[in-house]
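A short reminder: the numbers here are calculations on the coordinates, not readings from a lab. Just so it is clear, the model here is predicted, and its values are computed rather than measured. In this analysis, Cβ positions are derived from the backbone assuming ideal geometry, glycine residues included, and neighbour counts consider all displayed protein chains.
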Amino acid sequence: MANKSSMNDLFLHELRDIYHAEKQLTKALPKMARAASSDELKQAFQMHLEQTQGQIERLEQVFDQLDAAKRGTRCEAMEGLVEEAREIMEEGLSPELLDAALIAAAQKVEHYEIASYGTLHAFAEACGMNDVAKLLAETLQEEKDTDAKLNDLAISKVNKRAMESAQS
Ligand SMILES: [Fe+2]
């Protein structure tokens, strides 16, 4: 962390972190959608990919509003989360277990994003950047909705299928 002498600098650093994180996610989500066998899970990943592209556009609007260069800062946390998802896909799990494991990996990603956007939203409000705060709140809600949807899918279907498949 270099050159963060003000709240605005700290905000910009966090913004660049999540910008890089979202870009990594646009590469990981298609692979996760392909690896999933449940149609609903595939659709959830594909839908979140589209949403993520919209979230990147929102971040670019924020950069524009701040008159800052649209540039990411390497997000090692997302690199680690994406790497874990990649490892899961290479473990040779049964399709049912893989779906359960993919949801676990995706929810870890969502929780990272919820923490990041929650912080960014609070920083924007603290700095009096109301329009920026509004954009970030929209994305924060999408991340929360995605997390809830994945949670429902795991509890209502995917975990049960994984249990049944492991017993047969
Ligand atoms: Fe996102």
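A few comments on the model shown:
- Listed by first and then second residue, the pairs with beta-carbon distance under 8 Å, at least 6 apart or on different chains, first residue in region 123-146 and farther than 16 Å from G54 by Cβ and in contact (Cβ under 8 Å) with a residue 60 or more places away in the chain, second within 16 Å of the ligand (Cβ to nearest atom) and not β-branched (V, I, T), are F123/E14; A124/L136.
- Of all residues in region 127-154 being under 19 Å from D64 (Cα atoms) and of a type in the set (G, A, S), the one that is surrounded by the fewest Cβ atoms within 10 Å (Cβ to Cβ): G128
- For D152, the stated conditions do not hold, so it cannot be described as within 22 Å of L25 (Cα to Cα), free of Cβ contacts under 8 Å to residues at least 12 places away in the same chain and within 16 Å of the ligand (Cβ to nearest atom).
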